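**Q** Structure below; questions to follow.
The values are calculated or read from the model by the stated rules, or taken from the named source; none is laboratory data. Given the structure is predicted, the values throughout are model-derived calculations rather than measurements. Neighbour counts are summed over all protein chains in view; Cβ atoms, including those assigned to glycine, are modelled from backbone coordinates with ideal geometry. Accessible surface is based on the protein model in full, side chains and every heavy atom, while ligands, DNA and RNA are left aside. Shrake-Rupley method; radii C 1.70, N 1.55, O 1.52, S 1.80 Å.
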Amino acid sequence: MVRLITHNLLACHAKGCTSNNFPLRFSNVKLALREADFNPDFIRGFLPRIEWDALVQASREIGDTSLPPERPEMLDDDFLKQLHHVLLEIHVDEGSMTCPNCEHVYPISSGIPNMLLAEHEIR
Amino acid sequence: MIPTPDLSHLSKGDYEYVYEPAEDTFVLLDALEEEADSIRSLVPRICLEIGSGTGIVSSFLGHIIGVSNALFLCTDINPHAATCSARTGSQNKAPLEPLIASLVSPLASRLAHAVDILVFNPPYRAGIAGSWAGGADGMQVVAALLEQVDGLLSPRGRFYLVAVKQNNIPKLREFMLKPFCYRGRTKIVLQRRAGREYLFVLRFVRRVVNV
């Protein structure tokens, strides 16, 4: 499943590609919404691991504009629910992720990203 | 008791491409179950299994920790395995995040010192189509990962590794003791003879928390 929580943890790892290699850009996505159990403690606990700007950018790329550009200071329940939805309920089933630096394309098929590189691209 | 994950959705055809759970898998499940309370007490948020195969181990871990309490990432270099992991996760209501990847490459930079539970049952038996070639004794792939473990584990993180006797357990532990933070914090959680094999589950703790 490529959800935005996972996308936020993926960087391009092609040979020589070490800067501006995150976040990968989505294109040609097919989305599905699948409900997930809301666990506010998890969202609160995970938040420090999230790169906020990358999450906002990625969510806009796939058509969700609900997140504010700045991470709010106050983590109220409404905000945590919204974040839960964006991180865990939007699934990218098909599409691709492109490195902003070297333009390597990582395809997503049936919800699984293929992050493998060809032999000559491996660091 | 945590039930063994249901694999009834997988068939003989799947096991032509994906490692079928065997003694080494079950010794790992038993070790994780033994560790359940101490794993839960860490309140893990990020779990990562390398070489997840059928996905049985991550699904089990999901039920130890609580499926909505953490993110369960799994990598496998074998696309069939990634698909099986996803299916096993849904079959067992334990959402997994499978990625087709070699070890941890695409995650390494973002998961620097972020992984709370890292699990690896290396492919010591080579020969499954599309699986890792483990080298003569599977140690090449283990060595490649061990180099990265310290950079991945969170301050309270721990690493569970399945080993076989041929791996030379004292040498493995010695290797992990090199980074100062593991000094005195490696432990054999479980050992068991299985036919001609002698299996171990080792635990490496980055910092002692409620041990």
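**Q** Ignoring ligands, DNA and RNA, what accessible area per residue does the protein assembly as shown give at 1.4 Å, in Å²? All intermediate terms of the calculation are to be shown ahead of the outcome.
**A** Values: 14490 Å² over 334 residues.
Computed with neighbouring chains in place, this is 43 Å² per residue.
**Q** May I ask what percent, to the nearest 5, of DSSP beta bridges between residues of segment A:2-101 are antiparallel?
**A** Percent antiparallel among DSSP bridges in segment A:2-101 is about 100.
**Q** OK, next. When the accessible area of chain A is split by element with a 1.4 Å probe, what percent falls to carbon and sulfur?
**A** Roughly 46 percent of what the probe reaches on chain A is carbon or sulfur.
**Q** Roughly how big is chain B's charge dipole about its Cα centre, with Cβ charges of +1 (Lys, Arg) and -1 (Asp, Glu), in debye to the nearest 20?
**A** Magnitude of the dipole: close to 740 debye.
**Q** Which GluC sites (Glu not before Pro) in segment A:31-123 sit in a loop by DSSP (not H, G, I, E or B) and have at most 11 other Cβ atoms within 10 Å of their own Cβ?
**A** Values: sites: A:E35, A:E51, A:E61, A:E70, A:E73, A:E89, A:E94, A:E103, A:E119, A:E121; in loops: A:E35, A:E51, A:E70, A:E73, A:E103.
Filter output for segment A:31-123: A:E35, A:E70, A:E73, A:E103.
**Q** Nothing charged except the Cβ atoms of Lys and Arg (+1) and of Asp and Glu (-1): what's the magnitude of the dipole of segment A:2-101 about its Cα centre? Round to the nearest 20 debye.
**A** Taking the Cα centre of segment A:2-101 as origin, the dipole is about 500 debye.
**Q** Another question, then. Please list, in order along segment A:109-119, the HN-Hα scalar couplings obtained from phi with the Karplus expression 6.51 cos²θ - 1.76 cosθ + 1.60 (θ = phi - 60°), rounded to whole Hz, x for Gly and Pro.
**A** Rounded to whole hertz, the list is 9, 6, x, 10, x, 9, 9, 6, 10, 6, 3.
**Q** Of B:L28, B:T186, B:V142, which is farthest towards the positive pole of segment B:20-205's charge dipole, taken about the Cα centre with +1 and -1 on the beta-carbons of Lys, Arg and Asp, Glu respectively?
**A** Positive-end residue among those listed: B:T186.
**Q** Given B:K93/B:K187; B:K12/B:K93; B:K12/B:K187; A:K30/A:K81, which pairs have Cα atoms separated by over 25 Å? If you can, show how the numbers build up before the last one.
**A** On the way: B:K93/B:K187 31 Å; B:K12/B:K93 22 Å; B:K12/B:K187 36 Å; A:K30/A:K81 23 Å.
Where the Cα-Cα span goes over 25 Å, the pairs concerned are B:K93/B:K187; B:K12/B:K187.
**Q** Further, regarding this structure: Quick one: which bits of segment A:76-123 get at least 30 Å² less accessible when the partner protein chains are in, versus the chain alone, with a 1.4 Å probe?
**A** A:I112, A:P113, A:M115, A:L116
**Q** Tell me the carbon and sulfur percent of the accessible area for segment B:1-129, rounded to whole percent, probe radius 1.4 Å.
**A** Details: 2330 of 4310 Å².
The computed percentage sits at 54.
**Q** Something else: Given charges of +1 on the Cβ of Lys and Arg and -1 on the Cβ of Asp and Glu, with all other atoms neutral, how large is the dipole of the protein assembly as shown about its Cα centre, in debye to the nearest 20?
**A** 1140
**Q** So, one more: Which of the listed residues, A:N20, A:N39, A:T65, is farthest toward the dipole's positive end in segment A:2-101, when Lys, Arg count +1 and Asp, Glu count -1 at the beta-carbon?
**A** A:N20
**Q** Moving to a separate point now. Output wanted: per-residue J couplings in Hz (rounded whole) for segment B:188-201, from phi through Karplus 6.51 cos²θ - 1.76 cosθ + 1.60, θ = phi - 60°, x for Gly and Pro.
**A** 3J(HN,Hα) across segment B:188-201, in whole Hz: 8, 6, 8, 9, 7, 7, 9, x, 7, 9, 10, 9, 10, 10.
**Q** Report the FRET efficiency, 1/(1 + (r/R0)^6), for B:Q140 and B:H113, where r is their Cβ-Cβ distance and R0 is 22 Å, rounded to 0.05.
**A** 0.30
**Q** For segment B:20-205, what's the relative contact order in percent, using C-alpha pairs closer than 8 Å and at least 6 residues apart?
**A** Answer for segment B:20-205 is 20 percent.
**Q** Which residues in segment A:95-123 have a backbone N closer than 12 Å to a point placed 7 Å from the Cα of A:E51 along the Cα-to-Cβ line?
**A** A:99-101
**Q** I want the antiparallel fraction of DSSP beta bridges within segment B:20-205, as a percent rounded to 5.
**A** The answer is about 45 percent antiparallel.
**Q** Turning to a different aspect of this structure: Explain nothing, just the number: relative contact order of segment B:1-127, from Cα pairs under 8 Å at least 6 residues apart, as a whole percent.
**A** 30
**Q** If a/c stays under 1.5 just call it rounded; otherwise compare a/b with b/c (prolate if a/b is bigger, oblate if not). Do that for segment B:1-113, with a ≥ b ≥ c from the square roots of the Cα gyration tensor eigenvalues.
**A** oblate
**Q** Next question, about the same structure. Assign one of three labels to chain B, namely rounded, prolate or oblate, based on the Cα gyration tensor with a ≥ b ≥ c the square roots of its eigenvalues; rounded applies when a/c is under 1.5, prolate when it is not and a/b is larger than b/c, and oblate otherwise.
**A** Rounded shape, in that the Cα axes give a/c under 1.5.
**Q** Follow-up. Could you compute the FRET efficiency for B:R40 and A:L31, with r as their C-beta to C-beta distance and R0 at 51 Å, rounded to 0.05?
**A** Plugging the Cβ-Cβ distance into 1/(1 + (r/R0)^6) gives 0.90.
**Q** Within chain B, what is the longest stretch that has no trypsin sites (Lys or Arg not before Pro) placed in a DSSP loop and near at most 11 other beta-carbon atoms within 10 Å?
**A** Between exposed loop sites, the widest span is B:1-182.
**Q** With a 1.4 Å probe, what is the total accessible area buried between chains A and B, in Å² rounded to the nearest 100?
**A** 2200
**Q** Pull up the DSSP beta bridges for the protein assembly as shown and report the antiparallel fraction as a percent, rounded to 5.
**A** Antiparallel bridges: around 60 percent, rounded to the nearest 5.
**Q** Something else now. Heads up, I need the accessible area for A:L117: 1.4 angstrom probe, whole protein in place, Å², nearest 10.
**A** 30
**Q** Next up: Pairs of alpha-carbon atoms within less than 8 angstrom and 6+ residues apart define the contacts here; what relative contact order does chain A have, in percent?
**A** 42
**Q** Also: Rounded if a/c is under 1.5, else prolate if a/b is larger than b/c, else oblate: which is segment A:2-101, with a ≥ b ≥ c the root eigenvalues of its Cα gyration tensor? Don't skip to the answer; put the middle values down first.
**A** On the way: a/c = 2.02, a/b = 1.46, b/c = 1.38.
Cα axes put segment A:2-101 in the prolate bin.
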